[in-house]
DNA sequence: GACGAGCCACAACCGATCGTTGTGTGAGTA
DNA sequence: TACTCACACAACGATCGGTTGTGGCTCGTC
């Protein structure tokens with residue numbers, strides 16, 4: 001591919017060979033092999049050089065694209081100049097949404113979004129070890145108990161919505177208060193114990209007398225949404241910016257939880273001595289995008305106050 | 001890359017090897033070579049299989065993308081299942097704009113836009129020979145004088161705009177008539193004689209007593225625009241949907257030509273027995289997009305009436 | 001019209017590459 | 001302790017892909 005592009009650019013095999021530091025014969029062979037593979041003639045050879053055929057013309061942009069993608073793939077992992085690597089705990093929640101927004105406004109910055117499937121501590125350790133450049137998590141411990149090189153900045157205050165089906169008693173509500181939820185069953189299957197999320201929802205449940213039910217097999221979000229759409233009693237909580245997709249026929253309602261609005265605070269976590277040039281840009285972007293303060297009364301967990 | 005993706009999908013080298021019809025050892029070698037090249041570990045080997053490292057996770061989507069691009073590159077030229085290949089005489093004029101629109105509404109259809117730099121006859125010959133699937137041109141001869149397998153459909157009726165700089169006497173006009181243009185000099189450098197375009201503009205000039213000036217060296221569109229921006233007398237004609245880009249400082253004006261509006265009629269040209277499945281879709285799309293009839297009085301060349 | 005220059009293709013050769021078979025190592029398991 | 005499973009290492013052979021050498025073609029020039 002590289003040889004083909006070089007030959008197309010040079011207009012003749014000899015110069016392309018020089019540019020690639022190989023012989024003209026090698027270029028000829030490579031092009032011939034490519035043509036044989038594709039079963040198509042890419043150049044018309046003339047005594048003045050080689051000109052692209054129509055097929056060659058059509059192929060050229062694809063070849064260039066291939067080289068671009070290869071360079072990006074390389075840049076994504078090669079030590080020293082790899083893309084900014086950020087861990088999110090799910091590709092559907094606020095951190096992923098904000099990263100997508102960051103990518104839109106800074107399309108030139110190479111970004112790799114990975115999911116380590118780890119809690120705060122393991123993810124922080126990964127940042128400390130340098131396997132990822134940053135992660136988004138709720139920081140539940142004071143700064144002095146973190147590894148010394150680690151820095152955090154609170155960049156997300158995520159409010160909640162109640163997700164219910166059309167037959168649920170709250171289906172028509174414009175907003176609900178946490179106190180109102182006490183009478184209803186909140187279902188959040190698959191939330192593991194002893195994580196930052198369970199800490200948060202346990203404290204929330206205790207504060208407002210909620211019943212948050214985490215039992216039941218985990219069949220994934222699609223199954224959860226299908227169950228909720230169908231049930232007159234089940235409901236679940238989700239972050240305001242969480243991306244859920246469901247068929248129109250489900251007729252699910254997203255109802256803001258307010259007065260007070262429970263806030264799930266999340267921080268960007270990075271290493272102070274990480275020299276990646278894109279890191280401060282991400283931080284600035286997130287700070288600028290922060291909804292601060294959310295309007296109306298809010299509720300925060302103890303560790304977030 | 002293919003081996004890496006297969007191994008990542010399988011979760012172990014053995015199954016990937018089976019899927020690729022090679023031995024486990026070969027997979028191991030390929031992955032090791034890739035890792036050595038990238039200077040990064042992509043898998044953690046366990047007695048249960050191989051799991052992606054964070055680097056591997058980051059690399060995987062790029063690897064998949066590379067394979068996709070490769071498949072598209074292949075499909076763009078491989079005989080039998082290549083992309084729909086359409087010739088336009090310029091990437092800036094209406095046909096290219098309409099193709100882009102077609103691509104937006106049918107993103108799944110592989111499309112290759114090429115420029116043969118040929119007149120109607122040569123382009124029609126190319127369609128007849130099968131080097132391109134279709135071309136856009138003004139058809140100046142009756143259907144019976146075309147090769148028997150060739151079909152045409154008039155799909156574009158392009159109106160014109162006058163392009164002038166801020167010091168031109170017509171700079172402030174909301175519209176101009178062809179008759180008004182008789183007093184002004186129209187500059188269209190680089191328009192070769194004995195082509196469909198020169199035929200058209202010669203007839204237009206004769207019909208309204210215009211002075212269309214085709215002399216002068218061709219430095220390209222950018223140079224033309226710069227000259228026009230600067231001149232109080234020069235003007236040029238352009239198709240309504242022609243994409244021109246110029247700096248704001250040029251302050252160029254695009255003034256519709258109306259009463260009557262000179263129409264440049266263009267047809268899609270294809271071979272009746274071309275079995276490419278995307279061809280009828282393109283034709284239908286173009287017919288649906290056709291502005292038919294353009295409102296207000298129009299002027300057409302003899303061969304277009 | 002002969003000749004040289006420029007460019008690409010073909011042929012012979014040779015070292016590197018890549019896949020194969022065979023074997024070793026380590027972790028989990030009966 | 002022995003067995004299984006999965007990956008790594010080693011040796012070997014075919015193929016690949018590069019180089020050098022050469023020939024054919026076209027064009028410009030004398």
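Being part of a helix (DSSP H, G or I) and over 24 Å from residue A:89 (Cβ atoms) is the filter here, so list the residues in region A:219-255 that pass it. First the steps, then the outcome.
Our first condition is that a residue be part of a helix (DSSP H, G or I); within region A:219-255, this holds for A:221-230, A:248-250.
Of everything in region A:219-255, those that are part of a helix (DSSP H, G or I) and over 24 Å from residue A:89 (Cβ atoms) turn out to be A:229, A:230, A:248, A:249, A:250.
For residue A:72, are the conditions met, namely being on the phi < 0 side of the Ramachandran plot, at pLDDT below 90 and more than 10 Å from chain B (Cβ to nearest Cβ)?
no
Within region A:92-116, which residues are within 14 Å of chain B (Cβ to nearest Cβ), in contact with a helix residue (DSSP H, G or I) (Cβ under 9 Å, 6 or more places away or on another chain) and not in a strand (DSSP E or B)?
Of everything in region A:92-116, those that are within 14 Å of chain B (Cβ to nearest Cβ), in contact with a helix residue (DSSP H, G or I) (Cβ under 9 Å, 6 or more places away or on another chain) and not in a strand (DSSP E or B) turn out to be A:99, A:110, A:115, A:116.
Are any residues in region B:31-61 near DNA strand D (Cβ under 9 Å from one of its atoms) and more than 12 Å from chain A (Cβ to nearest Cβ), and if so, which ones?
Passing the criteria: B:31, B:32, B:43, B:45, B:46, B:47, B:48, B:49, B:50.
Mind listing whichever residues of region A:54-81 are assigned to a loop (DSSP other than H, G, I, E, B) and in contact with a helix residue (DSSP H, G or I) (Cβ under 9 Å, 6 or more places away or on another chain)? Steps first, please.
Our first condition is that a residue be assigned to a loop (DSSP other than H, G, I, E, B); within region A:54-81, this holds for A:78-81.
Of everything in region A:54-81, those that are assigned to a loop (DSSP other than H, G, I, E, B) and in contact with a helix residue (DSSP H, G or I) (Cβ under 9 Å, 6 or more places away or on another chain) turn out to be A:78, A:79, A:81.
Tell me the residue from A:135, A:131 that is under 23 Å from residue A:74 (Cα atoms), within 14 Å of chain B (Cβ to nearest Cβ) and outside any strand (DSSP E or B), please.
On the way: A:135 fails: outside any strand (DSSP E or B).
That would be A:131, the only listed residue that is under 23 Å from residue A:74 (Cα atoms), within 14 Å of chain B (Cβ to nearest Cβ) and outside any strand (DSSP E or B).
Restrict the check to region B:173-194 and report whether at least one residue is assigned by TED's automatic domain parsing to the domain that holds residue B:114, under 24 Å from the mean Cα position of the chain (by Cα) and modelled with pLDDT under 90.
First, pick out the residues of region B:173-194 that are assigned by TED's automatic domain parsing to the domain that holds residue B:114: none.
Checked region B:173-194: no residue is assigned by TED's automatic domain parsing to the domain that holds residue B:114, under 24 Å from the mean Cα position of the chain (by Cα) and modelled with pLDDT under 90.
Is it true that residue B:247 is closer than 30 Å to residue B:208 by Cβ and over 22 Å from the mean Cα position of the chain (by Cα)? Working first, answer last.
On the way: closer than 30 Å to residue B:208 by Cβ: no; over 22 Å from the mean Cα position of the chain (by Cα): yes.
Taking the combined requirement at face value, the residue does not satisfy it.
So which strands (runs of 3 or more DSSP E) are wholly in region A:141-206 and hold at least 3 residues that are in contact with a helix residue (DSSP H, G or I) (Cβ under 7 Å, 6 or more places away or on another chain) and under 30 Å from residue A:288 (Cα atoms)? Even if it seems obvious, please write down each step before you answer.
Working: elements: A:150-158, A:160-164, A:185-187.
Here the list reads A:150-158.
What about residue B:226, is it assigned by TED's automatic domain parsing to the domain that holds residue B:288 and either within 26 Å of the chain's Cα centre (by Cα) or surrounded by fewer than 18 Cβ atoms within 10 Å (Cβ to Cβ) (or both)?
no
Report yes if residue A:84 is modelled with pLDDT of 85 or more and more than 16 Å from DNA strand D (Cβ to nearest atom), otherwise no. Before the answer, list the steps.
Details: modelled with pLDDT of 85 or more: yes; more than 16 Å from DNA strand D (Cβ to nearest atom): yes.
Yes, satisfied.
In region A:1-30, what residues are out of contact with any helix residue (DSSP H, G or I) (no Cβ under 6 Å at 6 or more places or on another chain), more than 9 Å from DNA strand D (Cβ to nearest atom) and without any contact (Cβ under 8 Å) to a residue 60 or more places away in the chain?
Within region A:1-30, A:9, A:11, A:12, A:15, A:18 meet the criteria.
In region B:100-111, how many are in contact (Cβ under 8 Å) with a residue 60 or more places away in the chain and touching a strand residue (DSSP E or B) at 6+ places or on another chain (Cβ under 8 Å)? Before the answer, list the steps.
Step one: filter region B:100-111 for residues in contact (Cβ under 8 Å) with a residue 60 or more places away in the chain, giving B:101-102, B:105-106, B:109-111.
Adding the requirement that they be touching a strand residue (DSSP E or B) at 6+ places or on another chain (Cβ under 8 Å) leaves B:102, B:109-111.
Residues in region B:100-111 being in contact (Cβ under 8 Å) with a residue 60 or more places away in the chain and touching a strand residue (DSSP E or B) at 6+ places or on another chain (Cβ under 8 Å): 4 in total.
The values are calculated or read from the model by the stated rules, or taken from the named source; none is laboratory data. Given the structure is predicted, the values throughout are model-derived calculations rather than measurements. Positions of Cβ are backbone-derived with ideal geometry, glycine not excepted, and every protein chain shown enters the neighbour counts.
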